[in-house]
Amino acid sequence: MGKIAHKIKKISKMNKSVAVKKMLSFDDVYVVGYRERKKQLLPVSGKGKFKAIPLSRKFWYSDPVIFTNDSRSYLFLEAFDRDDLRGKVACCELTSSGPTTPRVIIDEPFHMSFPTVFRFGDGIYMIPETSADKSLRLYRAADFPDNWELVKRFDLGRLFVDTVILDTNDGSFKILTCEVSPDREYECRFQKFTVSRTGDDDFVLTEDKAFNSKQEYDLRSRNGGAVFTLDGKKYVAAQESTFSEYGLYMNFYPYDDSAPQIASKPSYRLTKKNFVIKDGPKGEGVHSYCFNDYYEVVDLKYLEFAPRKIVNKIIKKHPLVKKELSRNLDKELSDSKNIFENVYEESFDPDSFREKHYGNPHRLNKPLSIVYDNDDPAGIAAFLGMKLLVGKKEIPVCQVVDVAVNDRYRGKGYFSKNIAAFEEENKEADFIFALPNDASLPRFLNLGYTKEHWLCHYIYVTAPFSFIFGKNILTGIPDKLFQKLLWLNKVKINKDENLSITNGMSEIPVSDSELKKISKRQKCHFLHNRDIFKWKQAYNPDLKFYWATLRKKDGHLLGYALCHLRPRLNGNFVIIDDYAVSRDDSHKRQTLQLLFSSLSCLGNITEVPFANTEMDGKKLSALHFINACKFPFPLRGGPFIVSSGCKYRDAIKDISMRNIDSDVL
C-alpha cells in the first residue's frame with residue numbers, strides 16, 4: 001500500500017472529529033494524572049478522579065512508572081521536549097502536598113520514553129524505551145533518583161519498545177518487552193528475555209525462544225505499565241490500538257508463565273470514559289496505568305494543535321520555499337569563503353564550517369552575521385550558541401568566534417558594526433562573551449564589553465628534547481631523565497581502580513548522567529553532553545581525540561579527561577579539551593595526575609587552555625614540579641569579556657572555564 005493510500009485509509013477509519021483535527025495538524029499529546037490509592041483500584045472500580053502533573057511550555061509528560069524507595073513515591077516519566085522534538089527521562093516525587101516539578105535526569109541524543117525502574121540485587125536499575133537507538137539499554141542509579149549510568153547496551157538487530165520486569169532473583173531478572181512490526185504501524189508482539197549478571201559485573205541477555213517463536217504481531221501486545229499482582233494473581237497491563245489510532249484502551253491480562261499467549265481475554269479494561277483528570281484536557285485514549293501502596297497513576301492521550309507540522313507541510317508542498325532556505329545558506333557559506341580566504345590566505349572548508357555553526361546542538365537560529373558594502377561581503381562574525389549553568393538555572397549564551405574583515409574594507413568600522421548589529425537583533429542569548437586577542441580587545445571594550453577574568457593556558461613539558469630536536473636515541477635519554485623529575489612516573493593507580501584510554505567519539509566512555517553528576521559541585525559552568533562532543537568531532541574530522549577515564553572496579557566514575565593532538569615543531573601538543581574529577585573522590589589530585597599523565601604520553605607538550613586562575617589555577621599549578629612549566633614557552637593567557645547586557649557577573653567569578661570548546665576559540 002502506498003503512503004498516500006495508507007494515510008487516506010487511516011483517516012477514513014478514524015473517529016470523525018479526530019480525523020478533522022489530524023488534517024488540521026493537531027498532534028497526539030499526553031497528560032499524567034495521579035490520585036491517592038483507593039480501596040478499589042481503577043481497573044476494578046472502573047471510575048476515578050485524578051489530578052494532573054502540571055505541563056510546562058517546554059515539556060509534556062507521558063509513560064509514568066511509579067517506584068517506591070524509603071516509603072517515598074517517585075514518578076519516572078517521558079518528558080517530551082517541544083523544542084528538541086524528542087523524549088527525555090524525567091523524575092518527580094508524589095507527596096501529600098502535591099507533585100514536585102519533574103526534572104530531566106537522562107538526556108540522550110535520541111528519543112527515550114517508558115522508563116521502567118526496578119530493584120535488582122543491591123542496586124536500582126532502569127530500562128527505558130530506546131528503540132530510536134535500535135537498542136535495549138540498562139542503566140544503574142549512581143545517585144538515586146537523579147544520576148544514572150549506562151551499564152549495558154544490547155543491540156539485537158530488532159526494534160523493541162516498552163519493557164517491563166516479570167521477576168528478579170539473585171543473579172538475573174526476566175523482562176517482557178514488545179517487538180515492533182517492521183511493516184505494520186502500531187502492531188507489536190510480546191517477547192521474553194532473561195538478563196543475567198556475570199562474575200565481572202557484566203550483563204548478558206538470553207532469549208526465551210520457545211515463547212518468542214509463538215508470538216504474532218497484533219494491536220494488543222504492547223506494555224502499558226508494570227506487571228502487578230492483585231488478589232494473588234499476576235496481570236500484564238497492555239495498550240490496545242486500532243489500525244488508524246494509537247493507544248486508545250488499556251487491557252489487563254492474567255499472566256501465566258507457561259501460557260503461550262498473553263493478549264487473549266482481558267480481566268479488566270479501561271477507556272477514556274473510566275476516569276477524569278481534573279484541570280486536564282478532554283482525552284482521546286488511555287496510554288498507561290500503574291500504582292504503588294500510596295498512589296495510582298494514569299496517562300491520558302489528547303490532541304493539541306501543532307503549528308510546526310503546518311510549517312513542515314508548507315515546505316514539503318512548496319519546494320521553492322525549501323530551495324530558498326538552502327539558497328540562503330549556500331550564499332552565506334560562499335560569502336564566508338570569500339572573506340576568510342581573503343583574510344587568512346588559506347583554503348576554506350565549507351562542510352566543516354557548516355557543521356561547526358549549523359550542526360551545533362545549542363546553535364542559534366542565525367549564527368552568522370555578515371555585513372556588505374554594495375553587495376560585496378565586507379566582514380563576518382559567527383556566534384556560537386552555548387548553555388551556561390548558573391546554580392540550577394540554564395542560561396543561553398553565545399560566544400563571538402570566526403571574526404574577519406575583508407582586506408579592502410579594513411579601517412571602515414565593519415568589525416564593530418557587525419558585532420553591534422548582531423547584539424541589536426539578538427533575541428536568543430542572555431549575553432555574549434568573547435576571548436579576544438590584543439588587536440580586537442580595544443574594539444570590544446569600545447562596544448561596552450567588560451573584562452571579567454584573566455584566563456591562563458597551563459603548559460606541562462613532558463619530552464622537551466625530542467620536541468625541539470626530533471625523536472631519536474640521543475634525545476630519548478635526556479627526555480627520560482627529565483621525566484624522572486616529574487610527577488608523571490610517580491603516580492600509581494590503586495588496586496581497586498581501572499584506567500582506560502579510548503580513541504575518538506564513536507564510543508564516548510562517559511554517559512550524560514555521569515557528566516551531569518561530576519560537574520554538579522561547580523557553581524557556574526558550560527553544559528556539555530555527548531551530543532556536544534560528537535559535534536566537536538564532526539567539524540574537526542581530521543583531529544585525533546582521546547579519552548582517559550578512571551573508574552572504580554565497580555564502574556563508579558572517578559574522573560575523565562578529553563584531549564586532541566596538534567602537530568607542532570617536531571612533536572605534538574596534547575590539548576586538554578575537558579576534564580573533571582568526582583566530588584566524592586578521596587584523592588582528587590592523584591586522579592588528575594593519572595588522567596593527564598596517561599594522555600601526556602601521546603605527545604611532548606600538554607596544554608590545558610582557558611583555565612580560570614581563581615577556580616582551577618592552584619589545582620593545575622600543583623600538578624607540575626615547576627608549577628605549569630614556563631620553559632621553553634612562557635605562560636600564556638587572555639581576557640574573558642562579556643557584553644554590557646550580562647546580569648550574571650557575580651556568578652561568573654566562580655565560572656569553570658575548562659570545558660569551553662577550545663578548538664573554536
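See the values below:
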quantity	calculated
Matching residues in the stretch 240-275 - criterion: being among the β-branched types (Val, Ile, Thr), in contact with a strand residue (DSSP E or B) (Cβ under 7 Å, 6 or more places away or on another chain) and buried (at least 16 other Cβ atoms within 10 Å of the Cβ)	Ile262
Helices (runs of 4 or more DSSP H) wholly inside the stretch 551-665 that include at least 1 residues being over 26 Å from the mean Cα position of the chain (by Cα), at pLDDT 80 or above and surrounded by 20 or more Cβ atoms within 10 Å (Cβ to Cβ)	588-600, 618-622
Hits in the stretch 134-149 - residues which are under 14 Å from Phe203 (Cβ atoms) and either modelled with pLDDT of 95 or more or crowded, with 19+ Cβ neighbours inside 10 Å (or both)	Leu136, Arg137, Leu138, Tyr139, Arg140, Glu149
Selected residue (criterion: nearest to the chain's Cα centre (by Cα)) from residues of the stretch 354-371 that are basic (Lys, Arg) and within 20 Å of Glu424 (Cα to Cα)	Arg363
Unmet requirement for Asp84, which otherwise passes all of (1) outside any strand (DSSP E or B); (2) touching a residue at least 12 places away in the same chain (Cβ under 8 Å)	(2)
Meets criteria (exposed (fewer than 15 other Cβ atoms within 10 Å of the Cβ), in the same structural domain as Val581 (by TED's automatic domain parsing) and either not in a helix (DSSP H, G or I) or not aromatic (Phe, Trp, Tyr) (or both)) for Asn498	yes
Top-ranked residue of the stretch 87-121 - restricted to ones that are among the small types (Gly, Ala, Ser) and outside any loop (DSSP other than H, G, I, E, B), ranked as nearest to Gly224 (Cα to Cα)	Ser113
Failed item in (1) under 30 Å from Lys516 (Cα atoms); (2) out of contact with any Leu (no Cβ under 8 Å at 6 or more places or on another chain); (3) touching a residue at least 12 places away in the same chain (Cβ under 8 Å), with Cys398 passing the rest	(2)
Wholly enclosed helices (runs of 4 or more DSSP H) of the stretch 276-369 bearing at least 1 residues of a type in the set (Lys, Arg) and modelled with pLDDT of 85 or more	319-344, 350-358
Qualifying residue in the stretch 350-371 (condition: touching a strand residue (DSSP E or B) at 6+ places or on another chain (Cβ under 9 Å) and over 22 Å from Trp535 (Cα atoms))	yes
Single residue of Asp200, Asp183, Asp208 found to be of a type in the set (D, E, K, R) and more than 32 Å from the chain's Cα centre (by Cα)	Asp208
Candidates Phe465, Phe469, filtered to the one that is farther than 30 Å from Thr591 by Cα, surrounded by 13 or more Cβ atoms within 10 Å (Cβ to Cβ) and in the same structural domain as Thr606 (by TED's automatic domain parsing)	Phe469
Verdict on Leu205 being buried (at least 19 other Cβ atoms within 10 Å of the Cβ), in a strand (DSSP E or B) and not small (Gly, Ala, Ser)	no
Flag if Arg521 is on the phi < 0 side of the Ramachandran plot, surrounded by 15 or more Cβ atoms within 10 Å (Cβ to Cβ) and outside the structural domain of Pro145 (by TED's automatic domain parsing)	no
Residue within the stretch 413-422 that is at pLDDT below 90, part of a loop (DSSP other than H, G, I, E, B) and in the same structural domain as Asp373 (by TED's automatic domain parsing) present	yes
Tally, over the stretch 264-295, of residues that are under 17 Å from Ser221 (Cβ atoms), among the charged types (D, E, K, R) and under 32 Å from the mean Cα position of the chain (by Cα)	0
Subset tally (residues that are part of a loop (DSSP other than H, G, I, E, B) and either under 34 Å from the mean Cα position of the chain (by Cα) or closer than 16 Å to Tyr289 by Cα (or both)) for the stretch 246-263	3
Residue in the stretch 513-520 that is in contact with a helix residue (DSSP H, G or I) (Cβ under 7 Å, 6 or more places away or on another chain) and among the aliphatic types (A, V, I, L, M) present	no
Any hit, the stretch 226-240, residues being hydrophobic (A, V, I, L, M, F, W, C), closer than 28 Å to Ser62 by Cβ, touching a Gly at 6+ places or on another chain (Cβ under 6 Å) and in a strand (DSSP E or B)	yes
Filter result for Ala538 (among the small types (Gly, Ala, Ser) and more than 24 Å from Val608 (Cβ to Cβ))	no
Residue within the stretch 379-387 that is surrounded by fewer than 17 Cβ atoms within 10 Å (Cβ to Cβ) and either assigned by TED's automatic domain parsing to the domain that holds Phe610 or within 30 Å of Lys618 (Cβ to Cβ) (or both) present	yes
Set Ala580, Ala611, Ala622: member being without any contact (Cβ under 8 Å) to a residue 60 or more places away in the chain and either on the phi < 0 side of the Ramachandran plot or not hydrophobic (A, V, I, L, M, F, W, C) (or both)	Ala622
Arg86 surrounded by 15 or more Cβ atoms within 10 Å (Cβ to Cβ), in contact with a His (Cβ under 9 Å, 6 or more places away or on another chain), under 22 Å from Phe110 (Cα atoms) and of a type in the set (Lys, Arg)	yes
Qualifying residue in the stretch 428-446 (condition: loosely packed, with under 14 Cβ neighbours inside 10 Å and among the acidic types (Asp, Glu))	yes
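The values are calculated or read from the model by the stated rules, or taken from the named source; none is laboratory data. Small disclaimer: the values here were computed from a predicted structure and weren't measured. When we count neighbours, we look across all protein chains shown, and the Cβ atoms used for this are built from the backbone with ideal geometry, even at glycine.
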